[in-house]
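The values are calculated or read from the model by the stated rules, or taken from the named source; none is laboratory data. Note that the coordinates shown come from a computational prediction; the quantities given were computed from them, not determined experimentally. Virtual Cβ from ideal backbone geometry, glycine too; neighbours counted across all protein chains shown.
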Amino acid sequence: MHFYACPYCGKPAGVPVGQQHKDTAFPMIAGILEILSGIAGIAIGGLFMVGGGFFFFFGGWLALICGAIYLVFGVLALLGGIFAIQKKNYGLALIGAIFALLITLLFGILALVFLMMSKEEFH
């Protein structure tokens, strides 16, 4: 088994060559995409709820329900993005990417791809 050597003293550093921890920007990119999708979901949900509240007596209750659903999806995508950037909990980051997929299709797909490519970086 090969070990990395210290550049100053030449002693083995203790990490086998095949077991280095690679650190990529993929979780950060996925987190940013999830956060952007979460902000969009919160904004869309807020607009639906304001519009639904304004037209409540004319059948706007459906807009209120859709707005509440978008708000929940947006908050979950936002939380998933925070966990993805921190690289703390892969499961919650993945759930956030799934909800980001339900809000904005392109950002959600990209976030899922970047998260799946960086699964081993999470703690």
Being touching a helix residue (DSSP H, G or I) at 6+ places or on another chain (Cβ under 6 Å), within 24 Å of F99 (Cβ to Cβ) and either at pLDDT below 85 or of a type in the set (F, W, Y) (or both) is the filter here; which residues of the range 19-62 pass it?
F26, F48, G51, G52
Between a first residue in the range 87-111 that is of a type in the set (A, V, I, L, M, F, W, C) and buried (at least 16 other Cβ atoms within 10 Å of the Cβ) and a second residue that is modelled with pLDDT of 95 or more and outside any helix (DSSP H, G or I), which pairs have beta carbons less than 7 Å apart while being 6 or more apart in sequence or on different chains?
none
Failed item, numbered, when L71 is tested on (1) at pLDDT 95 or above; (2) in contact with a Phe, Trp or Tyr (Cβ under 7 Å, 6 or more places away or on another chain); (3) not charged (D, E, K, R):
(2)
